[in-house]
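S.K.: Let me begin by handing over the structure; questions about it come next.
The values are calculated or read from the model by the stated rules, or taken from the named source; none is laboratory data. Just so it is clear, the model here is predicted, and its values are computed rather than measured. Glycine gets a Cβ as well: all are built from the backbone with ideal geometry, and neighbour counts include every protein chain shown.
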Amino acid sequence: MDSQDSLDRPELPATFPPELLLAVFDYCARGDLVQAARVSRAWRAAATSHARYYIYVSISQSSLPTTLSIPQAVSRFARQIAAVTAQRVRLAVDVSVYYEWGYDKVDVAALDEIILNAITLSLSLTISLTLAVPRRIYNTLCARLSLRPAHALRRLYISMRGYSHASPLSVALFAGTSPKLWSVVLDGVPLLSGEYPAFRSVTHVVLGRLPVHCMATISNAFPCARSVSMTVTKSYDSDAPAHLDAPAAWASQLARLHILMDRDTLPADIMALLSANPPVSDVELDWWSAILSYRSAPEYIAISDYLQNMSGPLDIDISASDYGGSTTDLVIRDLESGVRRTFREPQFMDSDDESSRRTERGRDIVTYNFTTERFRPGLSKIVALHVEPRFWTEVGHLAERLPSLRFVEFVFPADGYVEKEVVTVGHKYWTPPECAEEAQAESYRVVDLVISAPEHLMLQIQAVTILRMLRQCRFLCPGVHPRITLTNISRIPCEQDGELESVCSET
């Protein structure tokens, strides 16, 4: 049996070319590389030299059962670091020590020193460094990290409690040398206003709620940033240094700006980024994620000030794709320039009368803004609308204000529907009133109604529901010829089939 198996199973060549091995490893996940490293010495040499290969070493205080187990965990962490570095293998280091060790049972200074030595020992081989530490460890570590280069480091995450008494991150971090570093997340870490040579190649930046950093400080620290995420609090104006605008060149290279809003409006130095030429292509203002209670969000959010450099035509998307349907996401895209603005707010504000089951979802940010009083120049620029059925009540209000509307897509989300369900929109027995009878126009504009759903659900729809959608979109008025497209959804027979076919074409 063994001899037959050996004949049927192809054997790997004894001297597999290293360059071919590396090409094969390009298609392997990290776990596969770890397994491949156990095949032979030659394979181990090739696998450990691959950019995706590393060893994950961590210590988390929250996972330790008792205070008495802390010394053993710290010692094990240090031994693992020493063993990996002795083999010259890259590693990811994760240290989560937010609380005090327990002064009455352990030698805090000794344990801190072991952790600090392990981190600095591994720095030259570390590709990812995650530190969630108290001030006592952070302040000492800052000084040590300034003495050693981080040639392999790609990702840096530092979260620290007690920032008010913390030392600012030294501009000499990593001895000014971390050529591969591209992602930095800082939470509770003060920055100086000068340049950070170690951050020259960083393109992805995330800054926590505190301390406050103005845009001039951020642009100096991260001159090559392409994506910035930060929290803007009500104390921004008083806590941040003098608000100098970020350099125009830095603003023009910024591709994405994500602002978690804990205040009503943006400060002047951030507003300047939106009016830069060329503008930041993707800006997201989030009044949901940064607040402890959605009642703290502004009652009405005026968006017109944030739409500079959007000349149209415009495409708008209204959805609640995340957070369990608790938010309204309004996305506005300029179809020519590609500029994108996203606004996220809680669905129900103080003005919503929830006790009477009024569900005017999105009314605060959608209907409030898309009126002739607040958005007069932009209404005629909107040509396309994408909306989920839960925002059905807003479509009619929008459609009657958008004279250039040519395209409406109803997107049935995956959650809330079962396989082969017959979908409806609005009240089952309610039909919006027809437009007033007018003479048939000699010329007409073609409009498109697209109804789409996830393919795996195989949803179904009837002509009566499609007619209800067309009327709500004001697509059954004289001078308008609607076209219907069903994507991943099938039409089933009903009494209104003939009426639908008489008023529109179907693709």
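S.K.: Mind checking which residues of the range 114-128 are assigned to a helix (DSSP H, G or I) and touching a residue at least 40 places away in the same chain (Cβ under 8 Å)?
M.R.: Ile114, Ile115, Ala118, Leu121, Ser122, Leu123, Leu125 - these are the residues of the range 114-128 that are assigned to a helix (DSSP H, G or I) and touching a residue at least 40 places away in the same chain (Cβ under 8 Å).
S.K.: Same structure again: Out of (1) of a type in the set (Val, Ile, Thr); (2) modelled with pLDDT under 85; (3) in a helix (DSSP H, G or I), the odd one out for Val106 is which?
M.R.: Going through the list (1) of a type in the set (Val, Ile, Thr); (2) modelled with pLDDT under 85; (3) in a helix (DSSP H, G or I), Val106 breaks only (3).
S.K.: While we're on this one: Could you please find all residues in the range 391-422 being outside any loop (DSSP other than H, G, I, E, B) and modelled with pLDDT of 85 or more?
M.R.: Passing the criteria: Phe407, Val408, Glu409, Phe410, Val411, Val422.
S.K.: Does the range 193-208 contain at least one residue that is out of contact with any strand residue (DSSP E or B) (no Cβ under 7 Å at 6 or more places or on another chain), touching a residue at least 24 places away in the same chain (Cβ under 8 Å) and closer than 25 Å to Thr328 by Cβ?
M.R.: No, the range 193-208 has no match at all.
S.K.: A further question on this structure: Condition (residue is surrounded by fewer than 21 Cβ atoms within 10 Å (Cβ to Cβ), hydroxyl-bearing (Ser, Thr, Tyr) and within 16 Å of Leu129 (Cβ to Cβ)) applied to the range 187-198: is it met by at least one residue?
M.R.: no
S.K.: List every residue pair whose Cβ atoms lie under 9 Å apart, where the two residues are 6 or more positions apart in sequence or sit on different chains, the first residue falls within the range 291-309 and is part of a loop (DSSP other than H, G, I, E, B), and the second residue, located anywhere, is at pLDDT below 70 and of a type in the set (Ser, Thr, Tyr).
M.R.: So the pair list comes out as Glu299/Ser351; Tyr300/Ser351.
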